[in-house]
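Have a look at the structure below before the remarks.
Nothing in this text is a laboratory measurement; each read-out follows from the coordinates by a stated rule. In this text the structure is predicted, and so the values were computed from the model without any measurement. Cβ atoms come from the backbone with ideal geometry, glycine included; neighbour counts cover every protein chain shown.
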Amino acid sequence: MSDRQFVIPIGPQHPALKEPTSFYFTVDGETVVDVEPRIGYNHRGIEKAMESRNYIQNLYITERVCGICSNAHQTAYTGAVEEAGGIQIPERAKYIRVFFHELERIHSHLLWLGVAAHEIGFDTMFYYVWRDRELVMDLLEEISGNRVNYAIPTVGGVRRDLQKDKFPKWHKILDALAERTNYYIKVASTEQTILDRAIGVGYLSKEDMIRLSGVGPNARSSGVPCDTRKTAPYLLYDEIPFEHIHVDNGDVLGQVLVRVLETLESVKICKWVLDHIPDGEITTKFNPLSKIQEGEAAYIVEAQRGELIHYTISDGRNMPYRHKIRAPTLANIPSVVERLKGGYIADIPIVLAGIDPCFSCTDRMAFYDEGKDKSWAWDGEQLRRHGLEWYKK
Amino acid sequence: MAMERELLKNAFRKPATLIYPFEKVEPPEGLRGKHDYDGDKCIGCGLCARVCPSFAITLKGGPGPKCTGLLVDLGKCLFCQQCEEVCPKEALWLTTAYELAVLNKKDCILDFNRTPPPQPQAPPKKA
Amino acid sequence: MSGLITTLIAVLVFPGLFFILTYGLFAQWVSRKAAARLQNRQGPLHTGWQGILQPLADFIKLVAKEDITPAAANKTVFNFTPLFIFALPLAATFLIPIQSITNLWSWTPVASFEGDLIMVLFLMSIVVLAIFLAGWSSGNLFGAVGATRVAFMMLAYEIPLSLVAIGPAILARSLSINSIVNWQAESVAAFLAAPNLWGLVTGMVLFIGFAIYVICLLAELEMRPFDMSEAETEIVHGWQVEYSGKKLALLNAGHDVKMVLAAALLTSLFLGGPAGPVLPPFIWFILKTTFCVLILSNLSVLFARFRIDQLVSGAWRYLVPLAVLQVMAVVALSGVI
């Protein structure tokens, strides 16, 4: 590091970050030369907690892995448990799960659009987008009883039903959401200040993205077609007609385009579900204390930020033996480090926000030694000893 | 300049902010709020306590017919509604009361009472 | 003796110190309320009628808070620069004509001399130097980055600002703000009496100067889209990051006074100052400066934030040539060549 370079720490507390994480930027004047990410500030011991609670209690723990993708985590968890236990869910339950999955995608992408506008200093658009996001929040509250953490999927089906007499009102709300999203697409593509901050910023080519294993809208903005709903369909996604959105821009403008176009697709899917939902049961009764047969299963869903994997091992009791969650932001960190290099300090917030980071989902505890190709995990006693020694230094 | 028309239009409309607590939103009927309890329907099975993810419900007086009520700790409660779903007699349910802030943590604990049914008298011993 | 008393009242009460400070708080309220209503929200509401006492409440709250000087800071510079940032714009407002104490229907500035326009521009540049020292001496990395950005911004907007401000001075044949206002009052009266083409062309050229001046003022006041020295999401509050308590209260008051100075300069140079029919001059002054504050506030909520390199390259590529052309047009119109 030459004399002119110095290190700026962004995080763990910083207005640009919505969740605690730490990046050490080596800068030369106003240009970023090197980035060192440090994650793990949000580790809460979720996977360990899940090993001592039964499957119904774990439903609510997975929901709280992340506030914005809570329904995606629950969909993946119930999918994994049902696959391990050989439980079939009724058709109507699948439709309701898809409905909530897509509604949460709308809510999350609108949230992201507001936060991205805030990161480039455009607070007015931030306020307006979040005001219009209230439409989908009120809709979710009306159906599920809560604005976040809807707790709709359960092992065996869903917990609440959709009332048919409210469908016309919900269609109107979805149409209003589509109209407002179209307005924001127009603003984002004609407002010169946004284009100045977004075009060419944080560029990553398609080859680099594949090499650095990006997922989700982050990868789709560089042209990698990797939507799990199309490449490995789950629930009903092989029957629903919708577009596979990916663009070739590779910069922050690509991220914006992918997410707003996906919001429009989600509105279309929701309307399709409301038109085609069959009658029937919404759940096969699952006793909270009943046991799941021995086995293991992995279930992949397309969460708002990318590919989310839940892997569960059951040993025949009513509590899981092991449950592992791989969140999409963990896979996106190498690509965001590459995007940040060579840019300006002023571009750091928008590029970081561009991958839609959700560090609450990300933090798990595992060690991987590249040289010896060994991986292991520490138990509580080793962790405590390591912590005490580190502070003594 | 793209948002100028929208800005000027909204400058003369009523703001989107509600002046809480003078103006309130009407909560929808499915809202998961504070608990309510009917002691006559409860049988003291304890399923609600066993299924609660955050162990917020405790049975007073022990499980079974001699149960004298429930203690629900709203400080631990997730408002997940699993207790309402699992109750076989529909004795515990969630209302739409959402203004639950208290100044003292002890006021978080809801105390519900139940009069246990009178124990059947043992038949008089035959001589 | 009565001359001394009127001077003291003019300097300390009206239209001097007390009036400028109160008007600064009022201007901050106008700016916040207008920005809020444009963004479809309420703005300050509960302190006083529609929140008009909110800036005063914020000032009192800051004065009451603990004032921390970081251990790594250069204490003398850190403690003294807020005084400069507050006092220099205040001194500059004494040169702007608002209202005369003795005569209700005329205006005299508290102090006036030939060349006071240059003095005002010079004082505004010294304020930027003080801001740079404030950020640099705070011992914080983010403060240093903010301070360097402020210095870069001055490179960008200072030239067009000065060029465009000279335009009305050339037309009025004087560098005194009072004379410029008097010339504007006379020429508008003459134009309304006998409209002619040259007057119209002069008005259009001056309108272009007004637009350029507004853009440069947005950069000077560090308002969006040019608030990169205070960018909250990037460098946490820029050069003000280590200031708290009384010093921060002084900095905020200084920002309000700068806003009043900017609006007052805009009205005096381009909008005719306190001149106007029927009403006393200070009413016209308040109306015109409130209009300028509304324009600045509207532009501030309309855009995202630029990067520092975009501001510098944009200013030198677009603003400076436009300002030079505008000055050449003014010179041609005034027949000086």
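Please sort by residue number the chymotrypsin sites (Phe, Trp or Tyr not before Pro) in region B:22-127 whose DSSP state is loop and whose Cβ has at most 10 other Cβ atoms within 10 Å.
Values: sites: B:Phe22, B:Tyr37, B:Phe55, B:Phe79, B:Trp93, B:Tyr98, B:Phe112; in loops: B:Phe22, B:Phe55, B:Phe79, B:Tyr98.
In loop regions of region B:22-127 (DSSP not H, G, I, E or B), the sparsely surrounded chymotrypsin sites (Phe, Trp or Tyr not before Pro) are B:Phe22.
When Rg and the Kirkwood Rh are both derived from Cα coordinates, the Rg/Rh ratio for the protein assembly as shown amounts to 1.05.
Between C:Ala144, C:Ala165, C:Ala73, the Gaussian network model of chain C with springs among Cα atoms under 10 angstrom shows the greatest mean-square fluctuation at C:Ala73. In order along region B:77-90, the Karplus-derived 3J(HN,Hα) couplings, from 6.51 cos²θ - 1.76 cosθ + 1.60 at θ = phi - 60°, round to 5, 9, 6, 8, 6, 5, 5, 5, 5, 8, 5, x, 10, 6 Hz, and Gly and Pro are given as x. Within chain C, which is the longest segment that contains none of the GluC sites (Glu not before Pro) sitting in a DSSP loop with at most 14 other Cβ atoms within 10 Å? Here the longest run is C:115-337.
Here are some pairs, A:Lys94/A:Lys164; A:Lys285/B:Lys76; A:Lys164/A:Lys271; B:Lys60/B:Lys105; which of them have Cα atoms lying more than 24 Å apart in this structure? Could you put the intermediate results ahead of the total?
On the way: A:Lys94/A:Lys164 16 Å; A:Lys285/B:Lys76 27 Å; A:Lys164/A:Lys271 13 Å; B:Lys60/B:Lys105 20 Å.
Over 24 Å Cα-Cα: A:Lys285/B:Lys76.
Longest stretch of chain A clear of exposed loop sites (GluC sites (Glu not before Pro), DSSP loop, at most 11 other Cβ atoms within 10 Å, sites excluded): A:1-238. Could you let me know the centre-to-centre spacing of region A:89-138 and region C:245-308, using Cα atoms, in angstrom? Rounded to whole Å, the Cα centres lie 39 Å apart.
Of the complete DSSP H runs in chain A, those spanning 24 angstrom or more by Cα along the long axis with a mean Kyte-Doolittle score not below -1.0 are A:91-119, A:123-144, A:167-190, A:252-276. With only Cα atoms counted, chain A has Rg and Dmax values of 21.6, 71 Å. Annotation for region B:1-84: trypsin sites (Lys or Arg not before Pro) lying in DSSP loop with at most 11 further Cβ atoms inside 10 Å of their Cβ are B:Arg13, B:Lys24.
Label reach from B:Thr95 (point 7 Å along Cα→C-beta): in region B:41-57, amide nitrogens under 18 Å belong to B:41-42. The alpha-carbon of A:Lys18 sits under 18 angstrom from the alpha-carbons of these aspartates and glutamates, leaving out residues fewer than 8 places away in its chain: A:Glu119, A:Asp123, A:Asp347, A:Asp356, A:Asp363, C:Glu232, C:Glu234. Per residue, the convex hull spanned by the alpha carbons of chain B comes to 174 Å³. Diffusion coefficient (Stokes-Einstein, Kirkwood radius over C-alpha pairs, 37 °C, 0.692 mPa s) for region A:185-296: 194 µm²/s, rounded to a whole number. Within chain B, the cysteines lacking any other cysteine Cβ closer than 4.7 Å to their own Cβ are B:Cys42, B:Cys45, B:Cys52, B:Cys67, B:Cys77, B:Cys80, B:Cys87, B:Cys108.
If you take the beta carbon distance between A:Lys186 and B:Lys9 as r and set R0 to 22 Å, what does 1/(1 + (r/R0)^6) give as a FRET efficiency, to the nearest 0.05? Present the calculation step by step, with values, prior to reporting the outcome.
Numbers: r = 15 Å, r/R0 = 0.68.
According to the calculation, E is roughly 0.90.
Across A:Gly223, A:Gly254, A:Gly280, mean-square fluctuation computed from a Gaussian network of chain A (C-alpha pairs under 10 Å connected) peaks at A:Gly280.
Lysine pair count for region C:2-336 (Cα-Cα distance under 20 Å; residues 8 or more apart in sequence or on different chains): 13. The mean sequence distance of close C-alpha pairs (under 8 Å, at least 6 residues apart), as a share of the length of chain A, puts its relative contact order at 24 percent. Amide H contacts for C:Ser106 (H built 1.01 Å from N in the peptide plane; partners 5 or more residues away or on another chain; cut-off under 5 Å): C:Ser100. Karplus-derived 3J(HN,Hα) values for region C:107-120, using 6.51 cos²θ - 1.76 cosθ + 1.60 with θ = phi - 60°, are 10, 9, x, 4, 9, 8, 7, 5, x, 6, 5, 5, 4, 5 Hz; glycine and proline are entered as x. Across the alpha-carbon set of region C:2-336, the Rg to Rh ratio works out to 0.97, Rh being the Kirkwood radius.
Listed by chain and number, the lysines whose C-alpha is less than 21 Å from the C-alpha of A:Lys324, apart from same-chain residues fewer than 8 away, are A:Lys48, A:Lys291, A:Lys374.
Across region C:321-333, computed HN-Hα scalar couplings (Karplus, 6.51 cos²θ - 1.76 cosθ + 1.60, θ = phi - 60°) run x, 4, 5, 4, 4, 5, 5, 4, 5, 5, 4, 4, 5 Hz from first to last residue, x flagging Gly and Pro.
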